[in-house]
Amino acid sequence: MKSFALAAVASVAFAGTASAQTEITWWHAMGGALGEKVEEIAKGFNESQSDYKINAVYKGGYAETMTAAVAAFRANQQPHIVQVFEVGTATMMAADGAIYPVYQMMEDAGEPFDQSAYLPSVISYYVNDDNQLLSMPFNSSTPIVYYNVDLLEKAGVDTSEMPKTWDELAAVAKQVVDSGAAECGFTTTWQSWIQLENQAAWHDVAFASANDGYAGTDVELLINDGVPLRHIENMAEWAKDGTFKYGGRQSSGNPMFFSGECAITMGSSAGRAGVMSNMPDTKIAYGMLPYYDDVQGAPQNSIIGGATLWVLQGHEQPEYKGVAEFFSYLSSPEVQADWHQFTGYLPITNAAYELSKEQGYYEKNPGAELPIKQMTLNDPTVNSRGLRLGNFVQIRDVINEELENVWSGQATPKEALDQAVARGNDLLNQFDASN
Amino acid sequence: MQTKRVTFRHVWLPYLLCLPQLAVTLVFFIWPAAEAIIESFYRTNAFGTSMQFVAFENFQRLFNDPSYFASMRVSVIFAVSTTVLAMTLSLLFAAVSDRIIRGTNAYRTFLIWPYAVAPAVAGVLWLFLFNPSIGIATYALELLGIDFNATIYPNSAMALIIIAAAWKQISYNFLFFLAGLQAIPNSVYEAAAIDGAGPVKRFFTIVLPLLSPTTFFLLVVNMVYAFFETFAVIHATTQGGPGQATSILVYRVWKDGFVGLDLGGSAAQSVVLMALVATFTVIQFRYIERQVEY
């Protein structure tokens with residue numbers, strides 16, 4: 001009996017020490033190898049100190065993770081940290097009572113935090129009007145061009161220098177098709193992000209009114225005119241003879257590049273590892289996004305995609321102290337450089353970038369530095385900071401649908417973009433009215 | 001004829017016995033349906049921190065949206081094609097396999113097999129076969145001079161989801177048709193044969209009418225399946241595209257509600273869908289069932 005009581009006391013004492021460690025929940029959307037890396041980061045933090053324990057939980061894709069967090073918040077079961085993709089930014093920002101802005105949380109927790117240590121083109125997507133950081137950048141990428149050098153050579157293209165302008169790229173792509181080296185010249189993934197959102201920033205033209213949505217929620221799309229219209233008209237023209245071929249939404253166009261059906265693709269810089277592992281025997285070259293050289297201000301800088309970590313309200317203050325410490329750990333040069341080099345996502349701090357340089361990473365990996373250079377080519381302008389649109393997830397779908405009507409020949413570029421603007425504005429009005 | 005009547009001695013017993021079913025209906029149907037109706041009159045932001053009563057605005061928005069009616073058209077084309085394809089093929093398979101003498105079980109097992117495949121997996125399977133650059137079926141079609149590309153052409157995409165959805169449902173239909181066929185007594189066939197009716201005539205004048213209860217049941221089940229349970233097939237293959245060519249009503253409800261976080265708009269769509277289902281069910285049972293001979 002006595003020994004039983006002793007055991008009970010011991011177990012209570014043991015439970016006591018266990019619960020002294022504050023648990024922090026982090027919902028993320030990184031599956032596969034990336035998910036393992038996330039686990040590794042959480043483990044690294046847990047071993048670096050003994051007060052807090054981060055539990056990283058995989059919640060499915062970006063949309064699922066965000067929806068899960070929203071549902072959890074409504075049921076008062078929200079995690080401390082949730083990873084949200086860049087198109088969800090406006091929705092998160094508008095959720096006043098639900099989110100805990102990162103700059104404020106760091107301040108309240110007394111955690112040293114220097115915003116200037118972060119790459120401006122990365123954080124500009126996630127700051128408020130007063131340039132204060134709302135969510136912690138985690139995985140960011142930017143679109144670049146991938147060239148299958150073997151196919152270009154087969155087509156007789158001079159591969160000493162890669163195309164810089166759209167005219168040059170289209171000429172190369174056409175030569176590939178005409179020479180029979182490949183069936184299609186170039187394809188693209190993430191058409192809205194790369195061919196419209198980034199093209200607008202890259203040419204320093206507005207994608208939407210109110211400074212791309214940064215100045216308020218009364219916003220309208222501006223993509224049915226000027227550079228965006230011209231570009232989609234060109235793409236439609238190129239689609240006729242195979243110079244361009246559409247490969248599907250998100251990154252489902254990738255197999256066309258991997259299989260050699262298309263000689264050129266445009267995709268996320270984080271897709272570099274995937275390209276290399278799928279095409280181990282092919283010579284690949286990397287290039288910045290092409291631009292129209294008669295547009296003033298081009299090339300400006302490209303914008304990012306990816307996700308940030310948002311902190312949700314509704315927990316005890318000591319727990320937020322743990323979150324703050326974790327964010328400091330996450331931004332440390334070693335952790336960041338490792339994450340950047342392993343995944344191909346951009347380094348979010350200058351220090352991580354410098355460290356990667358010192359480690360000789362960019363010399364060993366041609367093409368890995370190009371996205372950083374492209375993204376930081378110039379200081380961001382109002383047109384190239386990023387996009388802050390409500391209901392952006394749906395707007396992207398609308399753009400996807402309308403562009404697909406162009407590729408299938410059911411609508412002219414002007415009709416499709418007019419329709420995209422009309423439907424997109426409707427969604428923006430909805431968002432304006434509900435917030 | 002006097003019917004046998006069961007009487008309960010206790011007043012509460014019948015209620016108690018009905019309780020589990022009532023509880024299930026209440027929790028999984030009445031409650032969410034009521035929530036959907038309430039939600040459809042509100043406009044809320046994603047986190048529910050702001051909630052405004054907007055009366056019928058969500059419905060107005062829906063009915064002013066031409067793409068909603070396009071989605072209805074798509075749903076009807078998809079549901080009818082899937083049902084017709086799945087039912088005719090399964091009836092054919094059932095009729096043929098009913099006459100097989102050797103290896104019956106092996107054939108039947110293979111025909112029933114697809115039913116065990118999850119809808120999303122079925123979708124991915126067909127997506128691989130019809131992948132525009134690496135699909136073997138696309139390659140074969142290309143040799144025949146057909147340019148099949150579900151990412152660009154609306155018709156290809158529609159064909160792809162119809163095939164995937166129907167393939168998944170054939171097994172289920174097959175089982176019921178086979179059971180129905182086996183329930184028809186041989187003497188009926190023999191009598192018809194003696195009267196000089198050939199196999200085709202026998203099929204259309206004897207088998208089809210006698211199978212009508214099974215056919216009616218399967219018609220209802222298949223339509224419900226095509227309308228409501230094919231979400232995973234579409235999500236795994238076309239995601240509603242290209243354009244909105246394969247965006248059926250249920251897929252829209254999910255997309256607007258769970259991806260777009262437009263709960264009011266999504267709830268309004270659910271309510272419309274609920275009304276449609278109720279109407280169809282009444283029509284099916286009142287008008288079509290009358291043609292059925294049990």
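Of note:
- Verdict on A:Y62 being surrounded by 16 or more Cβ atoms within 10 Å (Cβ to Cβ), among the aromatic types (F, W, Y) and modelled with pLDDT of 90 or more: no
- Residue count, segment A:232-263 (criterion: more than 28 Å from A:K154 (Cβ to Cβ), modelled with pLDDT of 90 or more and under 24 Å from the mean Cα position of the chain (by Cα)): 1
- Selected residue (criterion: farthest from A:G424 (Cα to Cα)) from residues of segment A:179-197 that are among the aromatic types (F, W, Y) and not in a strand (DSSP E or B): A:W190
Results for (1) closer than 25 Å to A:Q250 by Cβ; (2) crowded, with 22+ Cβ neighbours inside 10 Å; (3) of a type outside the set (G, A, S), shown as yes or no for each residue.
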residue	(1), (2), (3)
A:Q341	yes, no, yes
A:G344	yes, yes, no
A:Y362	no, no, yes
A:Q410	yes, no, yes
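- Being touching a residue at least 40 places away in the same chain (Cβ under 8 Å), under 28 Å from B:V224 (Cβ atoms) and not hydroxyl-bearing (S, T, Y) is a property that does not hold for B:R73.
- Test result for A:T282, of a type in the set (S, T, N, Q) and either within 14 Å of chain B (Cβ to nearest Cβ) or free of Cβ contacts under 8 Å to residues at least 60 places away in the same chain (or both): no
- Annotation: A:A273 fulfils all but one of (1) within 18 Å of the chain's Cα centre (by Cα); (2) among the hydrophobic types (A, V, I, L, M, F, W, C); (3) crowded, with 19+ Cβ neighbours inside 10 Å; the unmet one is (3).
- Hits in segment B:58-67 - residues which are part of a helix (DSSP H, G or I) and over 10 Å from B:S40 (Cβ atoms): B:Q60, B:R61, B:F63, B:P66, B:S67
- The combined condition, being surrounded by 14 or more Cβ atoms within 10 Å (Cβ to Cβ) and either on the phi < 0 side of the Ramachandran plot or of a type in the set (D, E, K, R) (or both), is not fulfilled by B:A34.
- In segment A:413-423, of all residues being under 17 Å from B:S247 (Cβ atoms) and touching a Leu at 6+ places or on another chain (Cβ under 8 Å), the one that is nearest to the other protein chains (Cβ to nearest Cβ) corresponds to A:A416.
- Members of segment B:239-274 found to be more than 9 Å from chain A (Cβ to nearest Cβ) and of a type in the set (V, I, T), listed by number: B:T246, B:I248, B:V250, B:V253, B:V271, B:V272
- The residues of segment B:144-199 that are within 30 Å of A:V406 (Cα to Cα), in contact with a Phe, Trp or Tyr (Cβ under 9 Å, 6 or more places away or on another chain) and among the hydrophobic types (A, V, I, L, M, F, W, C), listed by number, are B:F148, B:A150, B:I152, B:M158, B:A159, B:L160, B:I161, B:I162, B:I163, B:A164, B:A165.
- Residues within segment A:398-412 that are facing chain B (nearest Cβ under 7 Å) and assigned to a helix (DSSP H, G or I), tallied: 5
- Checked against the criterion of being over 30 Å from A:Q313 (Cα atoms) and either touching a residue at least 40 places away in the same chain (Cβ under 8 Å) or of a type in the set (D, E) (or both), the candidates B:V117, B:V96, B:V84, B:V54 yield just one match: B:V117.
- Members of segment A:59-88 found to be in contact with a Gly (Cβ under 8 Å, 6 or more places away or on another chain), more than 9 Å from chain B (Cβ to nearest Cβ) and assigned to a helix (DSSP H, G or I), listed by number: A:Y62, A:A68, A:E86
- B:L89 being of a type outside the set (G, A, S), under 27 Å from the mean Cα position of the chain (by Cα) and within 29 Å of A:G248 (Cα to Cα): no
- The single condition among (1) at pLDDT below 95; (2) outside the structural domain of A:L34 (by TED's automatic domain parsing) that A:I123 does not satisfy is (2).
- Extreme residue, nearest to A:E402 (Cα to Cα), among residues of segment A:226-262 that are charged (D, E, K, R) and not in a helix (DSSP H, G or I): A:R249
- Selection within segment B:54-70: residues that are farther than 19 Å from B:A245 by Cα and aliphatic (A, V, I, L, M). The member of this set that is surrounded by the most Cβ atoms within 10 Å (Cβ to Cβ) is B:V54.
- Scan of segment B:42-53 for residues that are of a type in the set (F, W, Y) and either surrounded by 18 or more Cβ atoms within 10 Å (Cβ to Cβ) or facing chain A (nearest Cβ under 7 Å) (or both), ordered by number: B:Y42, B:F47
- You will find that of B:F227, B:F204, the residue that is aromatic (F, W, Y), more than 14 Å from chain A (Cβ to nearest Cβ) and in contact (Cβ under 8 Å) with a residue 60 or more places away in the chain is B:F227 and no other.
The values are calculated or read from the model by the stated rules, or taken from the named source; none is laboratory data. Every value quoted in this text rests on a predicted model; they were computed, and no experiment measured them. Note that each Cβ is placed from the backbone with ideal geometry, even for glycine, and that neighbours are counted across all protein chains shown.
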